[in-house]
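In what follows, a single structure is set out as structure tokens and then discussed.
Values quoted throughout were computed directly from the atomic coordinates according to the rules given, and no laboratory measurement underlies them. Note that the structure is a prediction, hence the values are computed from the model and not measured. Cβ coordinates were reconstructed from backbone atoms using ideal geometry, including for glycine residues, and neighbour counts include every protein chain displayed.
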Amino acid sequence: MTTLAHISDVHFGREDPDLVDGLLHALTLARPDAIVISGDLTQRARKSQFRCARAFLRALPPVPHLIVPGNHDVSATNLIDRLARPLKRYRRFISDDLTPFLDLPTVAIAGINTVRLLSTKDGRINRNQVAIAREQLGRAAPEAFRVIVTHHPMDLPIEDLKHPLVVRSAPAIAAFSASRVDLFLSGHLHTGQTVVTSSRYGQAASTPHFSAVVAHAGTAVSTRTRGEPNAWNLIHLNHNPESPEISVDQITWDLKKKKFLPTHTTSFTRGPNGWSLTRSESVRQDT
């Protein structure tokens, strides 16, 4: 069993200190094998906010971690920086690697930067980024789980007509299906939800589609909630060859108890055509 902590949209500059402390404590107790952060480390890409984000990263449990930037990590007010030196402060304070990759014994994780200069909000992916990620994942052991991390969503519930997907997500999903990617992780919307790619992309595929799990994380510690409490995901990858499973636990901030607690779990099993939902249920909390 491999455990991933999936955190997103911490938005330093609009963070709640109690939530930051609670998150660090919860991560210590969870003991994940790796930590993934899917963008928006800052609110306005200011130096002071990046310094706070860097201090937070240094306080995380000492396990491998992978980070991608979000649209809030590019200056929205300094046009010279935005056009001539994009992600300058992200590269200085967080990471100079915009194609990060973790190759662990049981899971391979490729990060993709979906932020674009001409858009302050929406994301895009291009052929070169897809090719790089596929090459990275191709180095992994055949039995390893394959994971893609972006800030913007590659897929959403089919009934969601309000939020746009990453531009060029359809050909990217088709290419990643050929690489048998198991899991996509993202944030951006500040809501936690899970879907499988076959619902949207499988029916239109001209070639057999390998269905992947898509897990979005809510905002972990920011005050910028959108109708949901602060939350993050704890993801369990079960490597049993006879019944491989992905389980996504939503870990939600309990305002009364002042700590993060599991509130919902969604489980998927893998078959010949990829992943399908097997269980989705609320987690009962003892009073």
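When you restrict to C-alpha pairs under 8 Å that are six or more residues apart and normalise by the size of region 2-282, the relative contact order lands at 19 percent. Got a sec? Charge dipole of the chain, +1 on Cβ for Lys and Arg, -1 for Asp and Glu; which of F93, L4, N240 is way out at the positive end? Checked the options; the winner is F93.
Whole-Hz Karplus values for region 154-171 come out as 7, 7, 9, x, 4, 7, 7, 9, 8, 9, x, 8, 4, 5, 6, 5, 4, x Hz, taken residue by residue from phi with 6.51 cos²θ - 1.76 cosθ + 1.60 and θ = phi - 60°; glycine and proline positions read x. Near S75, the amide H atoms lying under 5 Å from its own belong to L87; only residues 5 or more places off or on other chains count, and H is placed 1.01 Å from N.
Listed by chain and number, the aspartates and glutamates whose alpha-carbon sits under 15 Å from that of K88, ignoring those within fewer than 8 places in the same chain, are D40, D73, D96, D97.
Any idea what the dipole of the chain comes to, in debye rounded to 20, about its Cα centre with Lys/Arg Cβ at +1 and Asp/Glu Cβ at -1? Dipole about the Cα centre, nearest 20: 1120 debye. Does anything in region 145-164 have its amide N under 18 Å from the 7 Å Cα→Cβ label point of R226, and if so which residues? Once the point is set 7 Å along Cα→Cβ of R226, 150-164 turn out to lie under 18 Å by backbone N, inside region 145-164. Along region 272-280 the Karplus relation, 6.51 cos²θ - 1.76 cosθ + 1.60 evaluated at θ = phi - 60°, assigns HN-Hα couplings of x, 9, x, 9, 9, 5, 10, 7, 8 Hz to successive residues, with x for each Gly and Pro. Which residues does a label at E143 reach in region 242-257, if reach means a backbone N under 13 Å from a point 7 Å past the Cα toward the Cβ? Output list for this probe position: 242-244. Near L66, the amide H atoms lying under 5 Å from its own belong to I35, V36, I37; only residues 5 or more places off or on other chains count, and H is placed 1.01 Å from N.
Of the chymotrypsin sites (Phe, Trp or Tyr not before Pro) in region 187-287, not one is in a loop by DSSP (not H, G, I, E or B) with at most 16 other beta carbons within 10 Å. Couplings 3J(HN,Hα) for region 126-143, derived from phi with the Karplus relation 6.51 cos²θ - 1.76 cosθ + 1.60 (θ = phi - 60°), are 10, 4, 5, 5, 4, 5, 5, 5, 5, 5, 4, 5, x, 7, 6, 4, x, 8 Hz, where x marks Gly and Pro. FRET efficiency for the pair K88 and V283, taken as 1/(1 + (r/R0)^6) with r the Cβ-Cβ distance and R0 = 45 Å, rounds to 0.60. Round to the nearest 0.05 the FRET efficiency obtained for K47 and L24 when R0 = 25 Å and r is the Cβ-Cβ distance. Step by step, r from the Cβ atoms, then E = 0.65.
Cα to Cα, under 15 Å, and not fewer than 8 places away if on the same chain: which aspartates and glutamates meet these conditions relative to K259? K259 reaches D16, D18, D21, D286.
Each of the GluC sites (Glu not before Pro) that DSSP puts in a loop and that has at most 10 other Cβ atoms within 10 Å breaks the chain; the longest unbroken stretch is 1-142.
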